[in-house]
Amino acid sequence: MPDLKDDIKTISGISDKRAALYKKIGIETVGGLTAHYPRGYTDFTSPVEINRAEVGEYAAIRAVATKRLTPYLGRVAVYKILLTDESGAIICTFFNSEYSYNRVIINREYIFYGKIGGNVLQKEIINPLFINPEDKNKLTPKYRLTAGLTNNIVSADIRAALSALKNAEYPELPEWIKESHSLIDVKSAVEKIHFPACAADCAAAKRSLVFREMLVLQLGLAIIRGRNRKLTGAAMQSRDIRAFYGNLPFEPTRAQLRAVDECIADMKKRVPMNRLLQGDVGSGKTMVAAALAYNACLNGFQTALMVPTEILANQHYKTLGEFLSPLGVKVVLLTGGLAAAEKKQIRAEIANGEAMVVVGTHTLIQKGTKFNALGLVATDEQHRFGVGQRSELISKGNNPHTLVISATPIPRTLGLIIYGDLDISLLDEMPKGRLPVKTYGVGTSYRERLYKFIVKHVNEGKQAYIVCPLIEENPAAEKASAVKYYGELRETWLRGIPAGLLHGRMKQIEKDKIMELFKAGEIKVLVSTTVIEVGVDVPNAVIMLIENAEQFGLSQLHQLRGRVGRGNEQSYCILVTDSDSPYTKARIDTMTRTCDGFEIASEDLKLRGPGNFFGQEQHGLPVLKIADMSEDEQIPEETRRLAKMITDDDPELTSCGNAKLRELVTELFKKSSEYGYN
């Protein structure tokens with residue numbers, strides 16, 4: 001009898017070749033196969049009469065296969081069958097599928113499901129799925145597939161796996177949790193999620209599996225949070241920071257002042273501040289971080305700001321220097337791109353306390369970097385760091401205060417998971433004089449007009465970005481595509497116009513030089529890949545042209561758009577794509593409708609799901625099999641409260657009563673070694 005952890009090939013019918021196909025979608029064990037939950041269902045439960053099926057919509061119809069029509073065997077083979085019911089007739093059309101055509105038996109009744117085509121006078125149902133009306137399972141699962149795996153193959157393999165596992169033990173939640181939250185057993189839930197007899201069965205199974213997965217995730221994160229709730233060695237006093245505000249070249253917004261006050265109040269407490277500073281692109285988060293660093297300095301403590309890229313590190317280093325250096329605060333930059341001698345000198349200044357504010361990349365967490373009195377740790381674009389990396393930086397101080405900075409707006413449902421116990425400071429105001437960026441979606445036929453638009457603004461003294469897509473599957477293509485595009489424009493529309501090229505495969509010194517020239521206004525048009533997504537602040541740039549916009553996620557498009565509109569001039573974002581996919585249209589429509597980052601993030605979560613919202617490598621969360629935080633706020637909130645109650649009594653789940661929960665947490669987090677559950 002196979003076990004959940006056994007190789008998938010122990011299931012009858014799964015060959016080496018098919019196992020290799022399953023491996024492509026991350027399935028290698030029997031348990032992994034049964035946890036390959038449906039992404040939806042084909043619903044045969046409510047068939048309509050033929051005359052009520054609407055053209056252009058998907059529908060189920062119950063009809064008799066009355067007559068085979070003569071096939072058309074051209075380049076595309078077309079097979080047709082006449083279907084009838086008491087209300088009328090419809091043509092069933094199969095393209096290139098003689099197998100499906102021959103499966104339909106004449107004079108037998110079926111339930112067909114598919115898209116209704118044709119017109120009111122002659123309707124057509126195209127490439128339908130069909131079942132016998134007597135079949136018990138009228139909700140048939142639809143699975144995520146790869147080339148070589150069909151829905152029928154996966155469904156049959158899962159049915160075989162469930163049959164083979166009929167006596168196996170599934171890891172369950174404690175009985176008191178199942179009873180108090182009306183959950184069904186995992187084994188029953190898994191069977192019903194794949195092969196539900198009715199919609200109610202499906203709903204009950206899904207709720208139980210989602211609740212279980214969410215609770216285990218919440219417990220794991222609660223353990224991590226609990227480890228950070230020790231007394232701080234950096235409790236601070238109230239200090240007069242009016243000199244900081246007096247040195248600013250602008251007037252802070254009310255939201256910025258409020259955020260600074262909230263954070264300083266936290267920094268005076270005996271437990272470490274654990275606060276999220278969230279604000280849309282251009283809302284002034286760096287100023288808030290600088291104010292807190294100044295407050296820490298006045299209390300005798302150092303600040304470390306860790307960022308994901310050297311471009312962003314350089315940007316913050318210069319900005320913080322402008323804010324703090326006139327006040328006598330030494331700000332230093334520590335990145336991997338520095339020469340060994342420079343690194344040694346800067347590390348010495350950090351260790352002896354001469355450097356009070358340290359900006360850097362992952363270099364900050366290396367063993368050679370030691371702080372004299374680290375009191376404040378800030379991470380920018382923090383979802384790009386794993387939990388372990390943040391913990392390493394925090395460990396360089398005596399439980400310092402933590403500020404998490406994010407320009408990636410996160411919907412409340414996902415925020416409950418990632419930032420469940422963080423206090424939140426929200427920058428919901430833009431600096432005075434900022435105008436919303438006008439955004440347009442156009443096809444490639446507009447390209448000539450777009451280039452004229454760019455040239456017009458350049459001649460008026462403005463600057464522009466042109467972004468080419470980053471093709472992650474083939475890193476070499478990033479450089480080639482940008483170089484080719486840049487070369488063509490230099491020979492045509494940008495002839496005589498100072499232009500520059502920027503991409504991620506350039507050496508850091510080359511990238512820095514190009515960015516400095518662009519910031520200085522010597523380069524008027526910058527052709528770039530997404531390396532300019534963060535860390536670039538050029539108020540004179542007023543046009544963002546994004547080629548192949550269909551290749552970018554919503555949040556990424558919004559981040560790119562945030563590179564313009566940073567001055568007082570009207571700015572424009574133009575999204576170029578010929579894609580007519582519904583997914584692309586939904587993204588373009590959202591971008592043209594709103595500049596609100598939180599609304600965009602909510603739409604992005606709905607379109608892509610939490611598993612792809614950041615990407616596993618970025619947010620560090622374990623991969624969830626069934627929970628979808630874009631659908632339901634109730635279960636994340638319910639499981640968060642339950643996890644808190646359990647871990648308040650047993651912070652590490654070490655009691656006998658919580659042994660099952662501990663095992664489930666370890667299993668879920670085992671691929672995220674940075675969480676330390678081994």
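Might you check whether a residue that is in contact with a strand residue (DSSP E or B) (Cβ under 8 Å, 6 or more places away or on another chain), crowded, with 17+ Cβ neighbours inside 10 Å and either under 30 Å from Gly657 (Cα atoms) or modelled with pLDDT under 95 (or both) occurs anywhere in segment 157-178? Checking segment 157-178: not a single residue is in contact with a strand residue (DSSP E or B) (Cβ under 8 Å, 6 or more places away or on another chain), crowded, with 17+ Cβ neighbours inside 10 Å and either under 30 Å from Gly657 (Cα atoms) or modelled with pLDDT under 95 (or both). Of all the numbered requirements in (1) under 20 Å from Thr444 (Cβ atoms); (2) among the small types (Gly, Ala, Ser); (3) assigned to a strand (DSSP E or B), Gly500 misses one, and that requirement is (1). Among the residues of segment 572-630, the ones that are at pLDDT 70 or above and among the polar types (S, T, N, Q) come to 8 in all. Let me confirm something: among Lys178, Lys187, which residue is in contact with a Phe, Trp or Tyr (Cβ under 6 Å, 6 or more places away or on another chain), over 30 Å from Leu69 (Cβ atoms) and not in a loop (DSSP other than H, G, I, E, B)? Selected residue: Lys187, the only one of Lys178, Lys187 that is in contact with a Phe, Trp or Tyr (Cβ under 6 Å, 6 or more places away or on another chain), over 30 Å from Leu69 (Cβ atoms) and not in a loop (DSSP other than H, G, I, E, B).
In segment 509-524, is there at least one residue being over 21 Å from the mean Cα position of the chain (by Cα), assigned to a helix (DSSP H, G or I) and within 13 Å of Ala464 (Cβ to Cβ)? Yes. Scanning segment 546-568 for residues that are within 15 Å of the chain's Cα centre (by Cα) and in a helix (DSSP H, G or I) yields Gln551, Leu554, Ser555, Gln556, Leu557, His558, Gln559. Do you know which of the residues in segment 570-599 that are of a type in the set (Phe, Trp, Tyr) and within 20 Å of the chain's Cα centre (by Cα) is surrounded by the fewest Cβ atoms within 10 Å (Cβ to Cβ)? It comes out as Tyr583.
Checking each residue in segment 398-424 for being modelled with pLDDT of 75 or more and either of a type in the set (Val, Ile, Thr) or buried (at least 23 other Cβ atoms within 10 Å of the Cβ) (or both) picks out Pro400, His401, Thr402, Leu403, Val404, Ile405, Ile424.
Of the residues Phe195, Phe211, Phe250, the single one that is touching a residue at least 24 places away in the same chain (Cβ under 8 Å), in the same structural domain as Ala293 (by TED's automatic domain parsing) and not acidic (Asp, Glu) is Phe250. Note on segment 99-130: residues that are part of a strand (DSSP E or B) and basic (Lys, Arg) amount to 2. Here Leu231, Leu219, Leu276, Leu215 are screened, and the one residue that is assigned to a strand (DSSP E or B), among the hydrophobic types (A, V, I, L, M, F, W, C) and modelled with pLDDT under 95 is Leu276.
The residues of segment 189-225 that are among the small types (Gly, Ala, Ser) and crowded, with 20+ Cβ neighbours inside 10 Å, listed by number, are Ala189, Ala205, Ser208, Gly220, Ala222. Listed by first and then second residue, the pairs linking a residue in segment 29-54 that is touching a residue at least 60 places away in the same chain (Cβ under 8 Å) and more than 15 Å from Glu191 (Cα to Cα) to a residue that is among the hydrophobic types (A, V, I, L, M, F, W, C) and part of a helix (DSSP H, G or I), with Cβ atoms under 9 Å apart and 6 or more places separating them unless they lie on different chains, are Asp43/Ala199; Thr45/Ala199. Can you spot a residue in segment 5-27 that is touching a strand residue (DSSP E or B) at 6+ places or on another chain (Cβ under 6 Å) and under 30 Å from Glu57 (Cα atoms)? For segment 5-27, residues touching a strand residue (DSSP E or B) at 6+ places or on another chain (Cβ under 6 Å) and under 30 Å from Glu57 (Cα atoms): absent. Do the conditions hold for Asn295, that is, is it touching a strand residue (DSSP E or B) at 6+ places or on another chain (Cβ under 8 Å), at pLDDT 90 or above, within 25 Å of Arg347 (Cβ to Cβ) and polar (S, T, N, Q)? Here the answer is no, as Asn295 does not meet what is asked.
Of the candidates Ser46, Ser100, the single residue that is within 24 Å of Leu121 (Cα to Cα) and hydroxyl-bearing (Ser, Thr, Tyr) is Ser46. Being under 32 Å from the mean Cα position of the chain (by Cα), at pLDDT 95 or above and among the acidic types (Asp, Glu) is a condition met by no residue of segment 107-117. Considering only residues in segment 157-175 that are assigned to a helix (DSSP H, G or I) and free of Cβ contacts under 8 Å to residues at least 40 places away in the same chain, the one that is nearest to the chain's Cα centre (by Cα) turns out to be Arg159.
Of Thr34, Thr29, Thr45, all but one fail to be under 29 Å from Leu162 (Cβ atoms) and touching a Cys at 6+ places or on another chain (Cβ under 9 Å); the exception is Thr45.
The values are calculated or read from the model by the stated rules, or taken from the named source; none is laboratory data. Predicted, not measured: the structure shown is a model, and the values here were computed from it. Note that each Cβ is placed from the backbone with ideal geometry, even for glycine, and that neighbours are counted across all protein chains shown.
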